[in-house]
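Inspection log for the structure reproduced underneath, given as structure tokens.
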Amino acid sequence: MTHRHLFCFGLGYSAQHLAASLSGHDWKVSGTVRNADAIPKFEAMGWKIYSFDGTSPLADATARLADATHIVDSIPPGTDGDPVLRHHGADIAELSQLTWLGYLSTTGVYGDRGGEWVDERSERLPSGPRGHRRLGAEDGWLDLWRRHGVPAHLFRIAGIYGPGRSALDTLRNGRARRIIKSGQVFSRIHVDDIATVLAASMKQPQAGKAYNLCDDEAAPPQDVIAYACSLLGVDAPPEIPFEDAELSDMARSFYRDNKRVSNARIKNDLGVRLAWPTYREGLRGLLRSGTRAFSPHSCSS
């Protein structure tokens with residue numbers, strides 16, 4: 001039996017779904033959480049979990065990473081960079097059994113393109129500080145690949161939705177709004193398809209490669225809310241001009257970027273067939289299955 005050990009730095013929403021999809025298929029799963037209170041919930045799933053908040057190194061990291069064959073880094077970089085790189089880049093460079101590492105980045109590294117298309121060959125032109133930090137983290141992992149042969153892959157993920165985290169839940173929680181900004185579109189991807197892409201990459205590693213993770217249709221956000229309303233049989237909330245909307249700084253920053261993201265590479269290079277090619281299929285699937293079928297312990301990607 002081939003030894004396979006997935007270690008997740010940051011068991012957020014996407015990493016949890018990947019780990020859950022692999023569990024029970026001859027995979028050992030371990031990883032980190034910021035909040036130690038979450039540890040018993042994950043350990044009940046048979047995973048080994050450790051505390052790591054990024055401010056100091058993971059305790060006993062050498063022993064805990066020693067037999068890792070696959071690593072996911074889903075921890076967002078802070079003002080002082082990616083904490084995994086900062087504290088454990090050298091440790092990871094020494095791992096003898098590591099065959100694949102995935103850094104979960106964001107399509108935000110492309111910045112604003114006025115609604116035009118981008119692909120993995122497009123220049124990275126982030127428009128805000130969070131995008132710049134992601135760019136720095138990507139470069140750090142690529143540097144470890146070039147200098148030390150760390151099998152790093154970059155996954156630039158669009159807006160994530162799935163069980164417990166979709167327009168259906170926003171409506172049910174009474175927080176849905178239809179904010180109108182002329183010409184604005186967002187790309188998105190179902191968390192199931194994120195796990196599928198990552199697993200496909202694990203089977204055919206191509207170190208140093210970047211992949212866009214998004215579905216087939218970038219769409220105006222108000223259209224997604226309206227479609228969710230039609231599925232639930234409720235009236236759509238009134239339209240609110242972007243200029244009049246009360247938004248947090250973070251929410252407003254998402255509207256700074258407007259682009260359509262190509263997913264051709266995950267299809268052509270990895271042979272991925274999306275289970276949920278647009279938000280319509282994705283929302284219908286969530287409604288059929290119940291959006292709380294899987295209850296993540298964290299809402300970070």
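Summary of computed values
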item	result
Enumeration of residues in segment 248-264 that are touching a strand residue (DSSP E or B) at 6+ places or on another chain (Cβ under 9 Å), open to solvent by 30 Å² or more (accessible area, probe 1.4 Å) and either of a type in the set (Lys, Arg) or farther than 29 Å from residue 140 by Cβ (or both)	260
Hey, residue 173 without any contact (Cβ under 8 Å) to a residue 40 or more places away in the chain and of a type in the set (S, T, N, Q) or not	yes
Qualifying residue in segment 125-135 (condition: touching a strand residue (DSSP E or B) at 6+ places or on another chain (Cβ under 8 Å), on the phi > 0 side of the Ramachandran plot and modelled with pLDDT of 95 or more)	no
Condition broken by residue 269, with the remaining ones in (1) in contact with a Lys or Arg (Cβ under 8 Å, 6 or more places away or on another chain); (2) under 23 Å from residue 171 (Cβ atoms); (3) surrounded by 12 or more Cβ atoms within 10 Å (Cβ to Cβ) satisfied	(2)
Enumeration of residues in segment 247-283 that are modelled with pLDDT of 95 or more, closer than 19 Å to residue 130 by Cα and among the basic types (Lys, Arg)	259
Test: residue in segment 106-124 that is part of a helix (DSSP H, G or I) and small (Gly, Ala, Ser)	yes
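Yes/no matrix, rows are residues, columns are (1) among the small types (Gly, Ala, Ser); (2) in a strand (DSSP E or B); (3) within 21 Å of residue 122 (Cα to Cα); (4) open to solvent by 40 Å² or more (accessible area, probe 1.4 Å):
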position: 142; (1), (2), (3), (4): no, no, yes, no
position: 145; (1), (2), (3), (4): no, no, yes, yes
position: 170; (1), (2), (3), (4): no, no, no, no
position: 193; (1), (2), (3), (4): no, no, no, no
position: 208; (1), (2), (3), (4): yes, no, yes, no
position: 217; (1), (2), (3), (4): no, no, yes, yes
position: 228; (1), (2), (3), (4): yes, no, no, no
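For (1) modelled with pLDDT of 95 or more; (2) under 23 Å from residue 190 (Cα atoms); (3) under 16 Å from the mean Cα position of the chain (by Cα); (4) among the basic types (Lys, Arg), each residue gets a yes or a no:
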| residue | (1), (2), (3), (4) |
| --- | --- |
| 1 | no, no, no, no |
| 5 | yes, no, no, no |
| 9 | yes, yes, yes, no |
| 18 | yes, yes, yes, no |
| 25 | no, yes, no, no |
| 29 | yes, yes, no, no |
| 47 | yes, no, no, no |
| 56 | yes, no, no, no |
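The values are calculated or read from the model by the stated rules, or taken from the named source; none is laboratory data. Quick caveat: nothing in here was measured; it's all calculated off a predicted structure. Neighbour counts are summed over all protein chains in view; Cβ atoms, including those assigned to glycine, are modelled from backbone coordinates with ideal geometry. For the accessible areas, the whole protein counts, side chains as well, though only heavy atoms, and no ligand, DNA or RNA atoms are used. Shrake-Rupley method; radii C 1.70, N 1.55, O 1.52, S 1.80 Å.
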